[in-house]
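What follows is calculated from the coordinates using simple rules that are stated; it is not laboratory data. Everything quoted here is computed from the prediction, not taken from an experiment. Neighbour counts run over all protein chains shown; Cβ positions are idealised from the backbone, glycine included.
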Amino acid sequence: MDLSNSYLSGIYADVCRRNPGAVEFHQAVGEVLQSLTPVIERRQDIVEAGIVDRIVEPERLIQFRVSWVDDSGRVRVNRGVRVQFNSALGPYKGGLRFHPSVNLSILKFLGFEQILKNSLTGLPLGGAKGGSDFDPKGKSEGEVMRFCQSFMIELSKHIGADTDVPAGDIGVGGREIGFLYGQYKRLTDQTTGVLTGKGVSFGGSLVRREATGYGLCYFTEEMLKSIGKDFKDKTVLVSGSGNVALYATQKAQQLGANVVAMSDSSGYIYDKKGINLDIMRQIKEVERGRIVEYARRVPSAVFTPGCKGIWTIPCDIALPCATQNEIDEESAFELIKNGCICVAEGANMPSTPEAINAFIKNGLLYGPAKAANAGGVATSGLEMSQNSIRMGWTFEEVDKRLQEIMRNIYKNSYHAAEEYGYEGNLMIGANIAGFLKVAEAMLAYGITY
Ligand code: NDP
């Protein structure tokens, strides 16, 4: 990481020393510190109060054993973690990820990014992330339920509607949130807004399921508008086929785009005629099947094993919605070579630093994750509000608020970039706008933690 400011490079060195081997966390912190250079040059008060030194260290990190019994009667052990990163703006808020790749580096990177993302939404939310190396794939309903119940026995001691409100992420969808919330209710005898992404019949918000994907497209629309374009008749690639990918595809199609490819961790399908979303949702949401199944059912679709090849398909707009570092420099140059004009991130940190540089240097519109995918957590914030007032808003009402929030995030990121001399660079703008709000709160509190 090349940081020209010696104060920031010192902080980065400390982060690396204190978190050895945590490469994803180093990457996320490095990107933000680089963006903060112009702020640090202007704001001596932020330097003196050690705001940046403090924001890169989690307030609290809870790690616990999760024991459960599989269908054959064998005792299984996984690790559970909650990283409560920063509560300056409100209760800790951020998803739970269940995936075999989960480790402290990934959860710290996600928790760190969540601080700035939640700040950008304009809602009173702190930043957190959590999860487990448990893999729900291939497990029976009973196994997933017993795991979630055991996970919640410990997590319930550390969360609450006004302290920490988890939600879903990779491997944690409506089913898992239902099991987790059911166990929380049973343990505490309380019906509160302690988890978001709940089913609509027990306190969930309409649009929460669609929110990250829809929000991504609303943000992308704003980016396209800035160069006099829109989604209509554009060819779009969407990686992944989970929650974010499915509803990004739905909204892009509603806005007139032709989504021609989607993927999962086994490979990607290319359907020149445009993805048939009903078939994709049946395979992914109902049957929990693999994406190759789509090509078996749709004659115009071709399946290719391996994830990376999806970025070699010519497109106008790329929406990475699977996982971190899925677009490297080589894939970025493939997109650029094939005429892509816009990359907006539905997944967290899907582009490597080299890929981001390539997008920016080649004049593509680039929408960084913490701004572009903030619609999910924003709608979680709206779910918390509805739970507090014991009311449920209509689909149209929540969707309208989501659109307003995404437009504001775009505007605030754009203006922050402009104010600090980086006009058009939404990555720098989002990092600065998100950071400044947290910094002002931390300055007001004094040196508490
Ligand atoms: P899901 O579990 O619903 O879907 C994840 C999708 O990505 C699946 O298609 C999965 O394939 C694929 N995937 C996961 N890991 C890998 C991998 N290592 N390599 C290739 N493909 C992979 O998760 P979400 O849709 O909720 O999350 C997707 C991304 O969006 C994540 O980065 C998440 O942090 C981010 N995000 C999610 C939000 C939300 O509201 N859900 C909010 C903001 C960001 P397979 O099934 O084969 O594993």
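Numbers for the structure displayed
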| quantity | calculated |
| --- | --- |
| Fraction of antiparallel bridges per DSSP, the chain only, in percent to nearest 5 | 55 percent |
| 10 Å binning of all Cα-Cα separations within the range 22-130, expressed as whole percents from 0 upward | 14, 38, 30, 12, 5, 2, 0 |
| Hits among lysines - C-alpha to C-alpha of residue 400 under 23 Å, sequence gap 8 or more where chains match | 93, 117, 198, 225, 229, 232, 251, 370, 411 |
| Only Lys, Arg (+1) and Asp, Glu (-1) charged, at Cβ; the chain dipole about Cα centre in debye | 1060 debye |
| FRET efficiency, 1/(1 + (r/R0)^6) with R0 25 Å, evaluated for residue 400 and residue 200 via beta carbons | 0.90 |
| Nitroxide proxy distance, nm - points 7 Å out along Cα→Cβ at residue 137 and residue 419 | 4.3 nm |
| Other-chain or far-sequence residues with amide H under 5 Å of residue 259's (modelled H) | 236, 275 |
| Rounded Å value of the spacing that divides the Cα centres of the range 325-362 and the range 41-73 | 28 Å |
| Cα gyration tensor, the range 392-449 - rounded (a/c under 1.5), prolate or oblate | oblate |
| Residue 18-residue 273 FRET efficiency (beta carbon distance; Förster radius 56 Å; 0.05 resolution) | 0.60 |
| The range 246-374 - Kirkwood radius from inverse mean 1/r over Cα pairs (Å) | 14.9 Å |
| The range 204-251 versus the range 132-154: alpha-carbon centroid distance in Å | 30 Å |
| The chain - percent relative contact order, Cα under 8 Å, separation 6 or more | 15 percent |
| Per-peptide average of other Cβ atoms within 10 Å, ordering 42-48, 374-380, 70-76 highest first | 374-380, 42-48, 70-76 |
| Shape call, the chain: gyration tensor on alpha carbons, a/c limit 1.5 | rounded |
| Dipole-positive endmost among 409, 259, 145 within the chain (Cβ charges, Cα centre) | 145 |
| The range 257-402 - share of DSSP beta bridges that are antiparallel (%, nearest 5) | 60 percent |
| Peptide ranges 324-333, 4-13 listed from the most packed, as the mean C-beta count within 10 angstrom indicates | 324-333, 4-13 |
| Length released on extending from residue 9 to residue 53, taking residue separation times 0.36 nm less the Cα-Cα span | 14.7 nm |
| Shape category assigned to the range 135-182 from the gyration tensor of Cα positions, a/c cut at 1.5 | prolate |
| Radius 14 Å from Cβ of residue 427, net charge of other residues (Lys, Arg +1; Asp, Glu -1) | -3 |
| Mean ellipticity per residue at 222 nm, deg cm²/dmol - from DSSP H runs of n ≥ 4 across the chain, formula -39500 (n - 2.57) | -14500 deg cm²/dmol |
